[in-house]
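One structure below.
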Amino acid sequence: MAKVISVTNQKGGVGKTTTAVNLAYYLAKFGKKTLLIDFDPQGNATSGLGIDKQDLQLTMADVAMETATLDQVVIPTAYNNFFLAPTTPVLANTEVQLAQADRRFSRLKNAIEASKVDYDVIVIDSPPSLSLLTVNGLVATNYVLLPVQAEFYALEGLGQLLETMKLVRKGMNPTLELLGVLPTMMDSRTTLSGQVHEEIKKHFPGKVFNAVIPRNIRLAEAPSHGLPIGAYDRFSKGARAYKAFTKEVISRVSIG
């Protein structure tokens, strides 16, 4: 069975999609058959891999509405072992329709379980909100990966997410686990980044990854070229950080 990792933070702009895309890319580089599910209606993981949304016949909106299977939606990327289940903003409309639907919290879980393809890892890019789609991600996953930006308001609102995780664990997914917290957008030149890093470690003892993701212009540029950082500039600080982080993820969840 594939290990399922949901990259989640209800706060936007914390490097969530960047983390989902680059984790999936490096997992594939390390020989793990990897599926990235873009479950964020913004569809940034889809466009960040150079996919033209206009060309898509089927997307995760069809999977959520149960008019297509996950296997029908998945497309190969330009990289070995790396597959994508794409999305478009139509997924936002789907969420409204799902509000009254049967099994509305387990649509994603059911779709993953029905897949006939043997992936080693499935990475879910969840929306930056505590929405029905986010809860679907939590119900479908084994592990939550929490990217946290090294800035003053970093820990604000995380209590609500952890509370939601607790409810999901209690009611729908008893094996749900916090894989770890990834500090992102670290600026080693500022005292604040260091202070926030220490604060994060205090709040999540033993759960903070050793790798930290720096503020890096090459990381910011890569999505506009439709490339993961490892394909855009593999010697950049950002690429080295995501590679080290992915190695930590592999050892924490014993993949492959």
Listed residues 102, 40, 71; largest mean-square fluctuation, Gaussian network over the chain with Cα springs below 10 Å, found at 102
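Taking the Cα centre as origin and putting +1 on Lys and Arg beta-carbons and -1 on Asp and Glu beta-carbons, what dipole magnitude results for the chain, to the nearest 20 debye?
Working: 27 positive and 23 negative charges, 165 e Å.
Result for the chain is approximately 800 debye, rounded to the nearest 20.
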Here the membrane-span-like helices of the chain, with no claim about any membrane, defined by DSSP H, Cα axial extent at least 15 Å and mean Kyte-Doolittle at least -0.5, are 16-29, 158-171, 237-253
GluC sites (Glu not before Pro) in segment 77-171 lying in a DSSP loop, each with at most 11 other Cβ atoms within 10 Å of its Cβ, come to 156
Residues whose built amide H sits under 5 Å from the amide H of residue 4, excluding neighbours closer than 5 in sequence, are 122, 142, 143
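Scan segment 170-249 for chymotrypsin sites (Phe, Trp or Tyr not before Pro) in coil per DSSP, keeping those whose Cβ has at most 13 other Cβ atoms within 10 Å, and list them by number.
On the way: sites: 209, 232, 235, 242, 245; in loops: 209, 235.
For chymotrypsin sites (Phe, Trp or Tyr not before Pro) across segment 170-249 that sit outside H, G, I, E and B with at most 13 neighbouring Cβ atoms in 10 Å, the list reads 235.
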Of 200, 217, 37, the most mobile residue in a GNM of the chain (C-alpha springs, cutoff 10 Å) is 217
In nm, the gap between the two label points placed 7 Å beyond Cα toward Cβ at residue 117 and residue 152 is 4.5
Between residue 217 and residue 65, the two model label points (7 Å from Cα along the beta-carbon direction) sit apart by a distance in nm of 4.4
In debye to the nearest 20, the charge dipole size for segment 209-256, taken about the Cα centre with +1 at each Lys and Arg Cβ and -1 at each Asp and Glu Cβ, equals 140
Toy charge model, Lys and Arg Cβ at +1, Asp and Glu Cβ at -1: segment 37-90 dipole around Cα centroid in debye, rounded to 20, equals 100
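Restricting to DSSP H runs of at least four residues, report the calculated mean residue ellipticity at 222 nm for the chain, -39500 (n - 2.57) per run over all residues, nearest 500 deg cm²/dmol. Numbers along the way, then the final one.
Working: 12 runs with 106 residues, N = 256.
One gets -11500 deg cm²/dmol as the mean residue ellipticity at 222 nm.
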In the chain the DSSP beta bridges are antiparallel at a rate, in percent to nearest 5, of 5
With x for Gly and Pro, the residue-by-residue ³J(HN,Hα) of segment 179-187, computed from phi through the Karplus equation 6.51 cos²θ - 1.76 cosθ + 1.60 at θ = phi - 60° and given in whole Hz, is 5, x, 10, 10, x, 10, 6, 6, 10
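None of the figures in this text is laboratory data; all of them are computed from the coordinates on show. The model shown is predicted, which means the values in this text are computed figures rather than measured ones. In this analysis, Cβ positions are derived from the backbone assuming ideal geometry, glycine residues included, and neighbour counts consider all displayed protein chains.
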